[in-house]
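Asks: Starting off with a structure, shown below.
Derivation of every value follows stated rules applied to the coordinates shown; laboratory data play no part. Everything numeric in this text was worked out from a predicted model, so none of it was measured. Note that we place each Cβ from the backbone using ideal geometry, even for glycine, and neighbour counts take in every protein chain shown.
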Ligand code: FES
């Protein structure tokens, strides 16, 4: 069985993420988008499942992100695509906020 070591990484300051905004971070080559939905921070894979569009450069309305390239949409809470082909997922990552720090929990394959 493949072991997946967990790592908690500081990725941003809460001040970089006002409500309704997104922020891009690169964690050792892993592209992650952060979104602030009414004060709750979500982290998800920045690459669209269609052709890899940068989701953090798209549009965030409520908890839905729209890809800037061709308009596919995803829930930032679940990572599920909301338009056909429904059921595709982008990865999501647990988020912790400690004081001003936004921390993301990552599983790294060994
Ligand atoms: S790359 Fe995102 S919709 Fe095409």
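Asks: For residues in segment 20-49 being within 16 Å of the ligand (Cβ to nearest atom), touching a residue at least 40 places away in the same chain (Cβ under 8 Å) and surrounded by fewer than 20 Cβ atoms within 10 Å (Cβ to Cβ), which is nearest to residue 95 (Cα to Cα)?
Replies: 45
Asks: Looking at this structure, is residue 74 surrounded by 15 or more Cβ atoms within 10 Å (Cβ to Cβ) and either near the ligand (Cβ under 9 Å from one of its atoms) or within 19 Å of residue 102 (Cβ to Cβ) (or both)? Quick ask: steps written out before the conclusion?
Replies: Values: surrounded by 15 or more Cβ atoms within 10 Å (Cβ to Cβ): yes; either near the ligand (Cβ under 9 Å from one of its atoms) or within 19 Å of residue 102 (Cβ to Cβ) (or both): no.
Against the criterion (surrounded by 15 or more Cβ atoms within 10 Å (Cβ to Cβ) and either near the ligand (Cβ under 9 Å from one of its atoms) or within 19 Å of residue 102 (Cβ to Cβ) (or both)), residue 74 does not qualify.
Asks: Which ones in segment 91-110 are closer than 21 Å to residue 18 by Cβ and in a loop (DSSP other than H, G, I, E, B)?
Replies: Once the filter is applied, which keeps residues that are closer than 21 Å to residue 18 by Cβ and in a loop (DSSP other than H, G, I, E, B), segment 91-110 yields 99, 100.
Asks: Which residues, taken from segment 50-81, are within 18 Å of residue 93 (Cβ to Cβ) and in contact with a helix residue (DSSP H, G or I) (Cβ under 9 Å, 6 or more places away or on another chain)?
Replies: Result: 65, 74, 76.
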